[in-house]
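The values are calculated or read from the model by the stated rules, or taken from the named source; none is laboratory data. Every value quoted in this text rests on a predicted model; they were computed, and no experiment measured them. Here the Cβ positions follow ideal geometry from the backbone for every residue, glycine too, while neighbour counts run over all protein chains shown.
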Amino acid sequence: MEPGSRPLEDLLRTLAPQVLGLLIRRYSQFDACEDAVQEALLEASLSWPRDGIPDNPHGWLVTVASRRLVDQWRSESARRRREETFALESSALHASGAVSMRGEPAWEHREYDGGVSPDADDTLTLLYLCCHPALSPPSQLALTLRAVGGLTTAEIASAFLVPEATMAQRISRAKGSITRAGARFEPPAPDEIMARTAVVQQVLYLIFNEGYSASSGRSLQRADLTGEAIRLARLLLDVIPATSPARGESSGLLALMLLTDARRSARTLPGGGLVPLTEQDRSLWDTAQIQEGVGLLTSTLGKASVGPYQLQAAIAAIHDEAPKAEDTDWPQILALYDVLERIAPSPVVTLNRAVAVAMVKGPLAGLAVLGTVEADPQLTRSHRLDAVRAHLLELTGDAPAAREAYLRAASSTASLPERRYLAARAARLGQD
């Protein structure tokens, strides 16, 4: 789409999972339906800016996607007829010349008839379908981000820190696996919902992260993705019973999103430049979201097993409730990171904990923690390791080493605002 078409992108992102859900319910074949929806979205992105958005955009997309399916199946049927005709003509058993039409869809001429309300939100059902047990967890995540979150293959590859070609193959295999598994488009049984909820939570977490800190492009954040992740997190919380063990983490996930997204307006300058947390104008933070997030967290902690989303939400709440950056309770944040690293260890958690250690015990202690993960392949493919290292080196007063680390980080990120910010930090150190 052309720049400046964000409202259209938002509309298509909202409609895409609804249209895909309707087609899968009607025609069953996940892979073919997802391909057809992508083609319909592409046609809409080209024709709607020129011709105007139709009165019934949902119905328009369903009709176009259905026609793409029909065209595909007609082409497949024609190919099969040619192959069968050739086989029959070359066989002495061919007597009548009749050609079998096995596999020809009886519903091929059906158009969108309004039988399913365009307002029906099938997104959550589609979310659980993408988290089908026939798929491995990484494939569940990738497919959901593609079909429900609307992320491009490149964005998903960045979220997983793998090459784009690898992610394209993973998504393609996942779509085929869903179809071969014969998965039906219907809400799973309660026991299956519980089994899939952890993956669904992780998917929503990744969608939110991509929206809050876009991995590439000219914008630091994508409100369409963060908004969609929050909407889906609310839907997820609605279907989790109050007595379910998954309730606490689902509440924690929504709280984490709200408490983090509350800072969105203060994270960028009018020209799009990045503003670090310590320099943000906290009067711009969304107090209503902060209050809702803290309320969710308060109603959850102590009533269920504590999980990583609740702990991260608690850390976000400490940041949000500090009137000024210097009022931040870093010892409490470090204590929470200590617990988080024990129950859900990961290089990213250690990276964040290194900052907390530096704020409590000094930058050299933080650098020592950083050294324990500096060879991790996940982090070496990302700019964040060098960005944190540069920040801690700057705190020690080692300007030349900090400048080099900032420049390495700037060269490694595909996000233009982050690249400019990191390069500016390096330039400032070079002038000192």
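Numerical summary
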item: Condition broken by Ser412, with the remaining ones in (1) at pLDDT below 95; (2) loosely packed, with under 15 Cβ neighbours inside 10 Å; (3) of a type in the set (Gly, Ala, Ser) satisfied; result: (2)
item: Residue list for the stretch 145-177, restricted to those being closer than 19 Å to Tyr128 by Cβ and either of a type in the set (D, E, K, R) or in contact with a His (Cβ under 6 Å, 6 or more places away or on another chain) (or both); result: Arg146, Lys175
item: Among the residues listed as Thr380, Thr350, Thr328, the single one being surrounded by fewer than 21 Cβ atoms within 10 Å (Cβ to Cβ), of a type in the set (Ser, Thr, Tyr), more than 24 Å from the chain's Cα centre (by Cα) and at negative phi; result: Thr328
item: Residue in the stretch 75-82 that is surrounded by 14 or more Cβ atoms within 10 Å (Cβ to Cβ), of a type outside the set (Lys, Arg) and modelled with pLDDT under 85 present; result: yes
item: Ala354 vs. criteria in the same structural domain as Gly430 (by TED's automatic domain parsing) and either over 27 Å from Ala159 (Cβ atoms) or without any contact (Cβ under 8 Å) to a residue 24 or more places away in the chain (or both); result: no
item: The lone exception for Thr372 - which of (1) more than 17 Å from Ser215 (Cα to Cα); (2) in contact with an Asp or Glu (Cβ under 8 Å, 6 or more places away or on another chain) it fails; result: (2)
item: Selection status of Gly371, on the phi > 0 side of the Ramachandran plot, surrounded by fewer than 19 Cβ atoms within 10 Å (Cβ to Cβ) and over 25 Å from the mean Cα position of the chain (by Cα); result: no
item: Qualifying residue in the stretch 170-191 (condition: among the β-branched types (Val, Ile, Thr) and closer than 16 Å to Leu225 by Cα); result: no
item: Residue among Arg428, Arg419 that alone is assigned to a helix (DSSP H, G or I), farther than 24 Å from His319 by Cβ and under 26 Å from the mean Cα position of the chain (by Cα); result: Arg419
item: Unmet requirement for Gln72, which otherwise passes all of (1) assigned to a helix (DSSP H, G or I); (2) at pLDDT 90 or above; result: (2)
item: Check on Leu145, in a loop (DSSP other than H, G, I, E, B) and modelled with pLDDT under 85; result: no
item: Residue match in the stretch 276-286 (condition: crowded, with 17+ Cβ neighbours inside 10 Å and in contact with a Ser or Thr (Cβ under 6 Å, 6 or more places away or on another chain)); result: no
item: Selected residue (criterion: surrounded by the fewest Cβ atoms within 10 Å (Cβ to Cβ)) from residues of the stretch 218-247 that are touching a Ser or Thr at 6+ places or on another chain (Cβ under 8 Å) and not in a helix (DSSP H, G or I); result: Pro245
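Yes/no per residue for (1) in a loop (DSSP other than H, G, I, E, B); (2) modelled with pLDDT of 75 or more:
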| position | (1), (2) |
| --- | --- |
| Pro105 | yes, no |
| His109 | yes, no |
| Leu129 | no, yes |
| Leu135 | yes, yes |
